[in-house]
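Comments concern the structure below.
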Amino acid sequence: MAAFIEGKHAQAFPSFGSERMGAPVVSFCRIDDKEIRLREPIMAPDALIIQDTTLLHSIDVFQGLKEDGFIVINSARSFVDLGIADYVAKFPPHHVCHIGATELAMKHVNRAVPNAVLLGAFAAISGQLHMDAVAKAIAEKFPGSVGEANIAAAREAFDMAREA
Amino acid sequence: MLIQMEGSEAVAEAVALCRPEVVCAYPITPQTHIVEGVGALVKDGRLENCEFINVESEFAALSVAIGASAAGARTYTATASQGLLFMAEAVYNAAGLGLPIVMTIGNRAIGAPINIWNDHSDSMSMRDAGWIQLYAETNQEALDLHIQAFRLAEELSCPVMVCMDGFILTHAYERLDIPSQQDVDAFLPAFEPVQVLDPDDPYSIGAMVGPEAFTEVRYLANDTQLQALKLIPEIGSVFKEVFGRESGGLIHEYMTGNAETIVVALGSVNGTIKEVIDTMREDGAAIGSVSICSFRPFPLDELQDALKDAKRVVVIEKSLAPGLGGVVASNVRMALRGINLPVYTVIAGLGGRTITMTSLQEVFEAAGEDRLPDLQFLDLDHNAVEHEIVRARRTRRSGPIAENILRQKADGRNP
């Protein structure tokens with residue numbers, strides 16, 4: 001929605017298995033300047049947002065990621081603590097970022113909803129989206145105080161990621 | 001108005017713009033967001049004069065729709081997969097009675113084995129129930145087809161299914177142009193039923209018909225579909241006049257001029273196919289595609305015109321007729337009767353199996369050299385099926401096939 005607000009074409013679609021809470025899910029997003037006709041899942045992403053670090057131990061979440069890609073991980077812990085310091089060192093330094101998005105969400109929204117927060121961090125490191133467009137998209141999807149709290153959390157994540 | 005929106009939500013908006021008077025709903029994945037969306041629009045008052053009826057099953061959903069439509073109400077419902085099968089008797093009844101109900105199918109596989117993901121087995125099972133069947137290539141087309149479907153259904157007094165790929169379209173967010181109420185009102189006249197249950201002018205609908213008249217009633221059902229062949233393109237052009245974009249029609253051709261290989265498919269996979277065609281055209285391959293929008297009525301003449309100058313046809317289809325091969329391919333062959341042209345059937349995307357550009361390109365290249373078998377399953381794990389065939393031959397009590405294949409797949413991942 002943020003990309004759309006910036007006049008681009010965007011396509012987003014989920015893929016999930018078991019219909020239950022806590023099951024691993026993956027969601028794809030393409031952003032382009034022209035109409036997006038391709039419907040296959042993204043197998044070689046330019047950017048990866050990992051919302052749950054427990055997935056690092058169960059599947060190869062980095063599969064297919066391009067060498068100069070972007071990584072945002074929801075964790076206040078360092079890459080060393082996460083055991084992926086060697087791996088992320090291969091990427092340009094400003095392309096990778098870990099951020100305690102769940103903690104930021106608890107602080108601002110009072111619920112463990114890291115999604116919108118991570119979008120703020122992604123906007124900061126990728127430069128693909130402006131924070132104002134992210135904020136506008138969140139406000140549109142979640143009108144009222146829920147949206148405002150999420151925007152505050154995303155803005156904090158944006159600033160943290162830009163400084164990191 | 002341009003908006004970034006989920007396909008299901010957009011269809012709910014489109015349906016609401018058509019001002020249905022009765023919407024019957026029973027949830028089933030992946031269609032649920034659509035009826036939820038319509039329900040929300042009724043509740044918040046944006047869709048006025050509409051009764052939203054929660055029912056206890058899909059059979060009830062379409063049965064209530066039949067009653068509502070017979071009473072003269074513009075009527076809508078949606079379903080998928082086993083839900084469509086559960087309402088099968090009512091599906092035939094709606095068409096047999098000539099009631100212009102519009103129903104969305106969020107295309108999904110049919111069990112067993114149970115599977116929530118996309119293919120075309122569900123709507124294909126009802127292809128000869130007498131409904132008009134339209135397949136959307138994009139969410140924009142899904143939205144547009146619903147607006148066209150009400151006009152088409154009511155003009156012919158024949159029900160219309162709008163089929164859209166489950167998850168791939170229903171759950172995808174993309175840029176959409178939502179028409180204005182004013183334009184939809186201008187395009188879609190008020191519903192004038194050809195038959196109506198009216199206490200002030202009572203008559204019956206649904207007579208028992210014996211051998212003396214059944215053939216004639218069925219002949220007229222076929223005639224209605226033939227009329228639809230003319231009306232669908234007409235409605236498409238009126239739609240273009242009012243809304244300024246091409247949507248619907250019988251078929252869409254892409255790069256078919258001078259194409260030696262022409263790919264035929266239904267629904268959203270056409271987007272991926274076009275990407276492959278662009279890539280192959282850059283390398284000098286003479287390839288194009290035809291997307292079939294109207295599967296019933298089946299545009300025999302239009303397809304023949306589009307395909308007759310090719311050297312071969314490749315049908316990519318998400319439905320399997322076990323014991324025969326492809327459902328769509330069989331119909332395409334009918335369009336090519338009298339023309340000596342190989343028609344290759346490629347079964348793809350069953351139960352949500354990913355259809356990738358890479359796999360499609362391999363198949364199209366093999367087709368270009370006429371190296372394809374008549375029937376092929378895209379990305380089939382040959383080892384897995386061979387292993388199971390051999391095992392079943394050796395062991396009398398070989399156990400359930402689905403579980404056996406799953407076990408093999410799990411073993412293959414963690415050797």
Query raised in the report: Do we have A:ALA116 as surrounded by 14 or more Cβ atoms within 10 Å (Cβ to Cβ) and at pLDDT 95 or above here?
Result: no
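Results for (1) more than 14 Å from chain A (Cβ to nearest Cβ); (2) on the phi < 0 side of the Ramachandran plot; (3) in contact with a Lys or Arg (Cβ under 9 Å, 6 or more places away or on another chain), shown as yes or no for each residue.
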position: B:MET5; (1), (2), (3): no, yes, yes
position: B:ARG19; (1), (2), (3): yes, no, yes
position: B:PRO27; (1), (2), (3): no, yes, no
position: B:PHE52; (1), (2), (3): yes, yes, yes
Query - Cβ-Cβ under 9 Å pairs, at least 6 apart or on other chains, the range B:203-226 side surrounded by 12 or more Cβ atoms within 10 Å (Cβ to Cβ), far side hydroxyl-bearing (Ser, Thr, Tyr) - result: B:THR224/B:SER157
Report task. Could you tell me whether the range A:68-86 includes any residue that is surrounded by fewer than 18 Cβ atoms within 10 Å (Cβ to Cβ), assigned to a loop (DSSP other than H, G, I, E, B) and acidic (Asp, Glu)? Result -> yes
Query raised in the report: Name the residues in the range A:4-63 that are hydroxyl-bearing (Ser, Thr, Tyr), at pLDDT below 90 and under 30 Å from B:GLY267 (Cα atoms), would you?
Result: A:SER15, A:SER18
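Residues are listed down the side, and each one gets a yes or a no for (1) free of Cβ contacts under 8 Å to residues at least 24 places away in the same chain; (2) buried (at least 18 other Cβ atoms within 10 Å of the Cβ); (3) not in a loop (DSSP other than H, G, I, E, B):
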site: A:LEU56; (1), (2), (3): no, no, yes
site: A:PHE62; (1), (2), (3): no, no, no
site: A:LYS107; (1), (2), (3): no, no, yes
site: A:ARG111; (1), (2), (3): yes, no, no
site: A:ALA121; (1), (2), (3): no, yes, yes
site: A:ALA135; (1), (2), (3): yes, yes, yes
site: A:GLU140; (1), (2), (3): no, no, yes
site: A:GLU148; (1), (2), (3): yes, no, yes
Query raised in the report: Pick from B:GLY323, B:GLY338: which is outside the structural domain of B:LEU156 (by TED's automatic domain parsing), on the phi > 0 side of the Ramachandran plot, more than 25 Å from the chain's Cα centre (by Cα) and not in a helix (DSSP H, G or I)?
Result: B:GLY338
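Counting only residues that are assigned to a loop (DSSP other than H, G, I, E, B), over 19 Å from B:ARG353 (Cα atoms) and more than 8 Å from every other protein chain (Cβ to nearest Cβ), how many does the range A:1-26 have?
Here the count works out to 7.
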Report task. Please report, ordered by residue number, the strands (runs of 3 or more DSSP E) entirely within the range B:1-98 with at least 2 residues that are closer than 26 Å to B:GLN195 by Cβ. Result -> B:22-25, B:51-54, B:75-79
Query - Subset of the range A:34-50 that is surrounded by fewer than 17 Cβ atoms within 10 Å (Cβ to Cβ) and more than 15 Å from B:THR356 (Cα to Cα) - its residue that is nearest to the other protein chains (Cβ to nearest Cβ) - result: A:GLU35
**Report entry** Residues (within 14 Å of another protein chain (Cβ to nearest Cβ) and assigned to a loop (DSSP other than H, G, I, E, B)) located in the range B:341-359
**Finding:** B:ALA348, B:GLY349, B:ARG353, B:THR354, B:ILE355, B:THR356
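The values are calculated or read from the model by the stated rules, or taken from the named source; none is laboratory data. Model, not experiment: these values are computed from the prediction. We place every Cβ from the backbone using ideal geometry, glycine too, and count neighbours over all the protein chains shown.
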